[in-house]
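Let me begin by presenting the structure, written as structure tokens, before commenting on it.
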């Protein structure tokens, strides 16, 4: 299965010039767990809910006073949409991250998370289960013998 089949394309982004408060507002408004930070239209970092909470706790400053550029994770870890989910999970494991930004060249096209991968494999498992269940439901007399049966 490919990344493009499981990725989310409804992206939440903000400018590198915004504050953490601006990023949090966007996450809340869009029911998202992260915001991709861009500079001059190019993605340069990512900020998660956890990053924002950590920044607020460590600095004790209001979110509106914390520049998002100080909180964002970089370098931004990316993957092309035509790569496999296996490759994506390997990369997440290697980098100890839960999200990869999906890019075609320098164009932002999606995001893939560990939860997206779990759901994709769950859906695939359910489809396979349905196929096997349907196969077992066929009456024996309608099944054709295979090449190794007598």
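The condition (being at pLDDT below 95 and over 22 Å from residue 27 (Cα atoms)) is satisfied by just one residue among 61, 126, 88: 126. Looking at the stretch 73-94, can you tell me whether even one residue there is surrounded by 12 or more Cβ atoms within 10 Å (Cβ to Cβ), on the phi < 0 side of the Ramachandran plot, more than 20 Å from the chain's Cα centre (by Cα) and assigned to a strand (DSSP E or B)? Within the stretch 73-94, not a single residue is surrounded by 12 or more Cβ atoms within 10 Å (Cβ to Cβ), on the phi < 0 side of the Ramachandran plot, more than 20 Å from the chain's Cα centre (by Cα) and assigned to a strand (DSSP E or B). Would you mind finding the one in 42, 6 that is surrounded by fewer than 19 Cβ atoms within 10 Å (Cβ to Cβ) and either in contact with a strand residue (DSSP E or B) (Cβ under 7 Å, 6 or more places away or on another chain) or over 18 Å from residue 97 (Cβ atoms) (or both)? Just one listed residue meets the conditions, 42. Only one of the listed residues (123, 107, 116) is touching a helix residue (DSSP H, G or I) at 6+ places or on another chain (Cβ under 6 Å) and either within 21 Å of residue 12 (Cα to Cα) or free of Cβ contacts under 8 Å to residues at least 24 places away in the same chain (or both). That residue is 116.
The values are calculated or read from the model by the stated rules, or taken from the named source; none is laboratory data. Just so you know, these numbers come straight off a predicted model, no measurement behind them. No Cβ is skipped: glycine too gets one built from the backbone with ideal geometry, and neighbour counts run over all protein chains shown.
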